[in-house]
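Below is one structure, written out as structure tokens, with a few remarks after it.
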Amino acid sequence: MNTNLREDNKIVRIIEYISELFILNMLTLLCCLPVITAGASITAMHTVLQKMVRHEGGYIVKPFFAAFRENFRQATLIWLIFLAILLPAGIEILAYMYDPSVLPRAMVIIAAVVAIFMMMFLVYVFPLQAHFKNDITGTLKLAMTLAAARFPRTLLMTLLCIVPVALAMFGGLMLLPFVFLYGFSLPGFLCAKIYDPVFRELE
């Protein structure tokens, strides 16, 4: 009987996670739509995800918007810094994919390397912004330190964040609904599971 109860509780919790991640993904996606607000939106998402990972949650919408407002200014400034680097690199890569004769291959390789390094940096930046009180310089320095010092975790989190992008671009129409419904929150949740032990050490 106890075994059945435990199994039932596991199933209920999985269903709760699925619904919570769906709601969180929709909120994140909607608040990313102006593009300029993406940094605040992703920071708010990680605020909620960290509570979920530590079983401190229960609510999604109210904590999300509270974190969005609280981090809006600093997260937006950080995002604009990265956007200024990622946008040209992304345009070069997309242009080359559309027509390889447009740009030299070496230039595209450099752009891809820059984009990957920025992603490895970003997987820590917004979670740190969500969890620790720090100025922009402090957040960026700590993100850079963690990205290098915890390289295996960094690489795994980067791959998790790249997967939805790859699925959206190359997975075909069948996978687009999944990317739309869980493309932000599910990789973010898995990343939160990975970086949470590191954050506990920093605390």
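The values are calculated or read from the model by the stated rules, or taken from the named source; none is laboratory data. Note that this is a predicted model, so its numbers are computed, not measured. FYI the Cβ positions are ideal-geometry reconstructions off the backbone, even for glycines, and counts take in every protein chain you see. Each accessible area value is taken on the protein alone, full model and side chains, heavy atoms only, with ligands, DNA and RNA left out. Shrake-Rupley method; radii C 1.70, N 1.55, O 1.52, S 1.80 Å.
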Out of all the residues in segment 17-53, which are open to solvent by less than 40 Å² (accessible area, probe 1.4 Å) and not in a helix (DSSP H, G or I)? Thr37
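Determine whether segment 94-112 contains at least one residue that is in a helix (DSSP H, G or I) and basic (Lys, Arg).
Start the filter on segment 94-112 by keeping residues that are in a helix (DSSP H, G or I), which leaves 94-98, 105-112.
Now drop any that are not basic (Lys, Arg), which leaves 105.
Yes, there is a match, as at least one residue in segment 94-112 is in a helix (DSSP H, G or I) and basic (Lys, Arg).
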Among the residues of segment 178-203, the number that are at pLDDT below 90 and either of a type outside the set (Phe, Trp, Tyr) or within 22 Å of Phe117 (Cα to Cα) (or both) is 2
Residues in segment 153-162 that are surrounded by fewer than 18 Cβ atoms within 10 Å (Cβ to Cβ) and within 16 Å of Ala112 (Cβ to Cβ): how many? 3
Output the residue which, of all residues in segment 60-79 that are of a type in the set (Phe, Trp, Tyr) and under 18 Å from Phe184 (Cα atoms), is least open to solvent (accessible area, probe 1.4 Å). Phe64
Residue check, Val102 within 29 Å of Met26 (Cβ to Cβ), β-branched (Val, Ile, Thr), open to solvent by 50 Å² or more (accessible area, probe 1.4 Å) and without any contact (Cβ under 8 Å) to a residue 40 or more places away in the chain: no
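Looking only at residues that are aromatic (Phe, Trp, Tyr) and touching a residue at least 60 places away in the same chain (Cβ under 8 Å) in segment 168-203, which one is surrounded by the fewest Cβ atoms within 10 Å (Cβ to Cβ)? Give the steps one after another, and end with the answer.
First pass over segment 168-203, keeping only residues aromatic (Phe, Trp, Tyr): 170, 178, 180, 182, 184, 189, 195, 199.
Next cut, touching a residue at least 60 places away in the same chain (Cβ under 8 Å) only: 180, 182, 184, 189, 195, 199.
Numbers: Phe180: 14, Tyr182: 19, Phe184: 25, Phe189: 23, Tyr195: 23, Phe199: 19.
Per the criteria, the residue is Phe180.
Report yes if Thr139 is under 17 Å from Ile42 (Cα atoms) and not acidic (Asp, Glu), otherwise no.
In short, yes.
Using the structure shown, decide if Leu190 is under 12 Å from the mean Cα position of the chain (by Cα), assigned to a helix (DSSP H, G or I) and not small (Gly, Ala, Ser). Steps first, please.
Working: under 12 Å from the mean Cα position of the chain (by Cα): yes; assigned to a helix (DSSP H, G or I): yes; not small (Gly, Ala, Ser): yes.
In short, yes.
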If only one of Ala84, Ala130, Ala115, Ala143 is under 19 Å from the mean Cα position of the chain (by Cα), in a helix (DSSP H, G or I) and surrounded by fewer than 14 Cβ atoms within 10 Å (Cβ to Cβ), which one is it? Ala84
Every residue in segment 169-187 that is within 28 Å of Arg150 (Cα to Cα) and assigned to a helix (DSSP H, G or I), please. Val179, Tyr182, Ser185, Leu186, Pro187
Log entry, pairs with first residue in segment 46-71 being touching a residue at least 60 places away in the same chain (Cβ under 8 Å), second being open to solvent by 70 Å² or more (accessible area, probe 1.4 Å) and assigned to a helix (DSSP H, G or I), beta carbons closer than 8 Å, six or more apart or on different chains, reads Val53/Lys193
